[in-house]
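Here's the structure we're looking at; comments come further down.
The values are calculated or read from the model by the stated rules, or taken from the named source; none is laboratory data. Source: prediction; values computed, not measured. Note that each Cβ is placed from the backbone with ideal geometry, even for glycine, and that neighbours are counted across all protein chains shown. Side chains are part of the model used for accessible areas, which takes the heavy atoms of the whole protein and leaves out ligands, DNA and RNA. Shrake-Rupley method; radii C 1.70, N 1.55, O 1.52, S 1.80 Å.
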Amino acid sequence: DGEAQKLEKAKITLNDCLACSGCITSAESVLVSQQSHGELCKVLALNKAAAAHEQKLVVVSVSPQSRASLAARCKLGLLETAQKLTTFLKGLGKCVHHVFDTTFSRNFSLLESQQEFVRRFQRQAEDKKALPMLASACPGWICYAEKTHGSFIIPHISTTKSPQQVMGSLVKGYFAEQQHLPPDRIYHVTVMPCYDKKLEASRPDFFNQEYQTRDVDCVITTGEVLKLLEQEGVSLSDVDPSPLDTMLGRAAEELSSHRGGGSGGFLEHVFIHAARQLFGIHGASVHYRPLKNKDFQEVTLERDGQVLLHFALAYGFRNIQNLVQKLKRGKCPYHYVEVMACPSGCLNGGGQIKLEGESSKEELQQVERLYESLRAEMPEENQAVRELYEHWLGGWGSERALQVLHTQYHAVERASSALSIKW
């Protein structure tokens with residue numbers, strides 16, 4: 001009749017989302033149920049009010065990319081940021097008990113990725129889909145692959161869990177055992193540079209049916225940590241530092257990182273390990289060769305004019321689509337590809353803090369400088385990691401390590417009725 005009518009808001013669930021780096025990674029107004037700083041505050045308040053025998057142990061795991069973004073925003077060093085953030089998080093409702101660094105869990109992701117690639121390389125003659133192996137740490141890319149290319153692309157994707165989900169397995173597995181608690185008595189929060197990590201944490205594959213609990217209960221972005229600071233009327237610069245927690249109970253006096261860029265260095269670590277294990281070449285040099293743009297680069301290992309390994313990194317959906325098309329045409333020359341949905345990788349994630357008065361390029365460079373300022377370590381050299389492999393996982397390449405540190409992916413049919421909109 002020509003009159004205006006107010007429409008109801010359209011609602012989507014996490015499972016409806018394609019994670020195309022559109023609304024979920026850029027619009028702060030998107031409601032993601034049970035995955036927000038508001039939900040975290042609500043849970044902490046309920047936990048504090050609960051009877052002692054019903055209270056949960058609250059663990060927060062902070063990503064190094066988020067820490068670098070907060071350090072740039074607050075004009076602090078990385079160690080100082082980590083120590084002050086530990087104090088602030090433990091002060092939230094006075095019921096956050098432990099704050100961990102996901103650099104620790106990334107050691108496991110890197111080591112498992114290295115070993116998985118070597119296994120795939122050695123069986124490529126009998127398994128045509130063993131290579132190229134495509135990195136699996138980016139949930140935006142995984143969601144896109146499952147819903148857009150399904151069963152064709154899935155066999156190429158690494159089964160190694162991302163650092164976030166490895167941390168979930170460690171916190172609800174190893175750490176729960178050390179605390180003599182069942183997994184459902186721990187509430188695990190992660191701080192991530194990316195909204196798509198909320199999607200990842202909600203996957204049914206990361207839900208413990210026996211205890212009815214997720215490996216990661218709540219994901220908040222770096223920007224949401226800033227909102228929490230503002231909500232509490234706190235400036236991180238004014239917060240007193242606290243000692244850093246570690247999974248094995250030893251206080252950490254410094255932070256470490258991994259070489260290979262702000263997305264975790266998967267390409268470099270797999271490349272160096274494969275050169276040594278497959279061809280006996282120790283200390284292989286990694287020289288990136290940009291192609292059409294800086295977000296698509298190649299690395300090769302050559303000996304006597306022969307290409308032994310051909311790796312690439314593909315960041316951003318334009319490069320990802322080109323990669324997939326090459327693969328579908330049978331013209332993909334790579335053995336391994338580090339794939340990330342965000343241009344420039346995880347340091348430029350949609351959940352990172354935007355710095356006032358800075359161009360996006362200057363802002364990213366500032367975060368990158370901070371991120372790269374830490375001492376880099378090889379995951380094989382981490383004593384705590386070796387201890388967990390030996391005493392908890394049953395050794396390198398064990399059945400338990402495969403069960404705890406790996407996952408699977410699923411082709412998803414995109415039915416037109418999947419998105420329910422009320423008009």
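Quick notes on this structure:
- Counting only protein heavy atoms and a 1.4 Å probe, region 52-185 has 31 square angstrom of accessible area per residue.
- Dipole magnitude of region 194-281 about its Cα centre (Cβ charges: Lys, Arg +1; Asp, Glu -1), debye to nearest 20: 500 debye
- Cα convex hull volume per residue for region 85-237 (Å³): 137 Å³
- Most fluctuating residue given options 199, 278, 244, as computed from a GNM of the chain linking Cα atoms under 10 Å: 278
- Relative contact order (%) - region 284-393, alpha-carbon pairs under 8 angstrom, separation at least six: 16 percent
- In this view, the solvent-accessible surface of residue 289, computed with a 1.4 Å probe and all protein chains in place, comes to about 130 Å².
- Region 35-132 - percent of accessible surface contributed by carbon and sulfur, probe 1.4 Å: 55 percent
- Over 31 Å (Cα to Cα) - which of 94/147; 84/198; 42/84; 6/361; 9/172 fall in this group: 94/147; 6/361; 9/172
- The trypsin sites (Lys or Arg not before Pro) found in region 62-158 that occupy coil by DSSP, while having at most 12 further C-beta atoms within 10 Å, are 75, 123, 128.
- From phi via Karplus (6.51, -1.76, 1.60), per-residue ³J(HN,Hα) for region 144-157 in Hz, x at Gly/Pro: 4, 5, 5, 8, 10, 10, x, 5, 5, 8, 4, x, 7, 7
- Helical runs assigned H by DSSP (4 residues or longer) give the chain a calculated mean residue ellipticity at 222 nm of -10500 deg cm²/dmol, each run adding -39500 (n - 2.57) before division by the residue total.
- Taken over the Cα atoms of the chain, the convex hull encloses 183 Å³ per residue.
- Accessible carbon and sulfur surface of region 289-349 relative to its total accessible area, %, 1.4 Å: 45 percent
- Peptides 313-320, 45-52, 219-226 ranked from most to least packed by the mean count of surrounding Cβ atoms within 10 Å: 219-226, 313-320, 45-52.
- Note that region 221-299 presents 48 Å² accessible area per residue, ligands and nucleic acids not counted, probe 1.4 Å.
- The aspartates and glutamates whose alpha-carbon is closer than 20 Å to the alpha-carbon of residue 227, local same-chain residues fewer than 8 away aside, are 28, 39, 80, 196, 217, 238, 240, 356, 358, 363.
- Region 171-223: chymotrypsin sites (Phe, Trp or Tyr not before Pro) in DSSP coil with no more than 15 other Cβ atoms inside 10 Å: 211
- Bridge orientation summary for the chain: considering DSSP beta bridges with both residues in this region, about 35 percent are antiparallel.
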